[in-house]
Amino acid sequence: MTETQILRKPDWLKVKLPNTAKFKRVKQVLAAYNLRSVCQEARCPNMTECFHSGTATFLILGDICTRNCRYCNIQTGIPRGLDGEEPERLVEAVRELGLQYIVITSVTRDDLPDGGAGIFARCVNLLHCENPDCKVEVLIPDFQGNRDALELIIEAQPDVINHNMEVVRPLFKKIRPQGDYDISLEVLRRIHDYEGKVISKSGFMIGLGEKWEDILELINDLADVHCERLTIGQYLQPTHNHWAVHKYYHPDEFAELKHVACQVGFTSVESGPLVRSSYHAAVME
């Protein structure tokens, strides 16, 4: 199949975007505190479910990414400095919304010496102090393999540290040209090897042209670095300028991959066409 062919989206992927009172409330609070949500910007179909369960995913460190991954719709370019008050506003928004579980993620900031790790750590530390009943998951970039940057976050002791592989090894350089498959695996290995108890998590998409054996290899690679939690979802092409969808996997195939992942040792797995990194994050126990 060529990258220009367009596949018809199957019925199980046709969902309505949310428009409930809870959803509107979250949007209002985010706007009031000048914060961004990946849920909103990615038009995630699971927003209502997550918001009603007291979960939200915040996007920090701006809205311009220094990398240009071929699956991602976030703007790429030269970021505009740092917002030093963002962690405090995030904490206030979490308190006002009464969230029980939050996920903090970011654009990739290769322009910063620590990749933004210090801001991640500050958010986690403030949340532990001001909202101790709220669990915190961070979804981090690879920090270009910077050990000190990763340790800043690990030492802040979030409940879960997630670093997504996103795609299988054979497609990695084509789709994530500024990333490195082995560096990403090493990030997850270091999270597991840390002396304190921090849960490691990763996720990836399928439908980008990978082979079934490529998927199994990625699952085994993640198991080998003792990754504990895993999400597997269907890739959806954001625009015609992005990498094309090569296959829509059937829900039964996702169920089979969940079985495989559980068999090799993952403690919790979410696998399905609409699964995203933060899907059921609060209940992946």
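We did not get these values from a lab; they are worked out from the coordinates using the rules stated. Values in this document were obtained by computation on a predicted structure and should not be read as measured data. Note that we place each Cβ from the backbone using ideal geometry, even for glycine, and neighbour counts take in every protein chain shown.
Side notes on the structure shown:
- Listed residues Asn34, Val138, Pro87: farthest to the positive end of the dipole of the chain (Cβ charges): Asn34
- Each residue of the range 230-237 is assigned a 3J(HN,Hα), and the resulting list reads 9, 10, 10, x, 7, 6, 10, 6 Hz, derived from the Karplus form 6.51 cos²θ - 1.76 cosθ + 1.60 (θ = phi - 60°), x at Gly and Pro.
- Lys, Arg +1 and Asp, Glu -1 on Cβ, resulting dipole of the chain about Cα centre, debye, nearest 20: 1200
- Over the range 11-283, equivalent-ellipsoid semi-axes from the Cα gyration tensor in Å: 26, 22, 19
- Pairwise FRET efficiency - His250 versus Glu217, Cβ, R0 = 30 Å, nearest 0.05: 0.90
- Placing a pseudo-label 7 Å from each Cα along the Cα-to-Cβ vector at Asp182 and Asp63 gives an inter-label distance of 3.8 nm.
- Inter-site label distance for His240 and Glu88 at 7 Å from Cα along Cβ, in nm: 4.7
- Fluctuation leader among Gln75, Gln263, Gln144 - the chain, Gaussian network, Cα springs under 10 angstrom: Gln263
- Beta bridges per DSSP with both ends in the chain, % antiparallel, nearest 5: 5
- Across the range 241-258, rounded Karplus estimates of 3J(HN,Hα) from the backbone phi angles (6.51 cos²θ - 1.76 cosθ + 1.60, θ = phi - 60°) give 7, 9, 3, 6, 6, 9, 7, 9, 6, 6, x, 5, 5, 5, 5, 5, 5, 4 Hz, Gly and Pro being marked x.
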